[in-house]
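Visitor: Before I ask anything, here is the structure I am working with.
The values are calculated or read from the model by the stated rules, or taken from the named source; none is laboratory data. Since we're looking at a predicted model, the values are computed, not measured. Please note: Cβ atoms are built from the backbone with ideal geometry, for glycine as well, and neighbour counts cover all protein chains shown.
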Amino acid sequence: MFNSLFRKVFRKFHKRKNLHKLVKTATTKISSDILNLTEEKGEALSVFRKTANELGNINKELKEKTDDLIALASFIEEQKESAKQMMSDNEAVRTKIFEIIGEK
């Protein structure tokens, strides 16, 4: 009878001891997984932050290039108007020359 009672107590204790080990192992594993996921989240956020900063830098460079293109377009327009004025002035002088020499 004592032997039977001892076996029952030992089995319950042994099952609880194994259960305790299983719970402890599972808790440690979950804790480790959470820590790894937290680190991965931090790394992912860092990558997103870096990407957002890079996009900001790209936009800044594009704005500078756009400003340069606007200035260049303005310069070209001024040169075009100047060339048109020269052509007009040249045509007026040409016409006068032909009038003076009597060929028109």
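Visitor: Can you tell me which of S74, S46, S32, S4 is surrounded by fewer than 10 Cβ atoms within 10 Å (Cβ to Cβ) and either at pLDDT below 95 or assigned to a helix (DSSP H, G or I) (or both)?
Guide: Result: S4 is the single residue among S74, S46, S32, S4 that is surrounded by fewer than 10 Cβ atoms within 10 Å (Cβ to Cβ) and either at pLDDT below 95 or assigned to a helix (DSSP H, G or I) (or both).
Visitor: Go through (1) modelled with pLDDT under 95; (2) small (G, A, S); (3) assigned to a helix (DSSP H, G or I) one by one and return the number of the condition G102 breaks.
Guide: G102 satisfies all of (1) modelled with pLDDT under 95; (2) small (G, A, S); (3) assigned to a helix (DSSP H, G or I) except (3).
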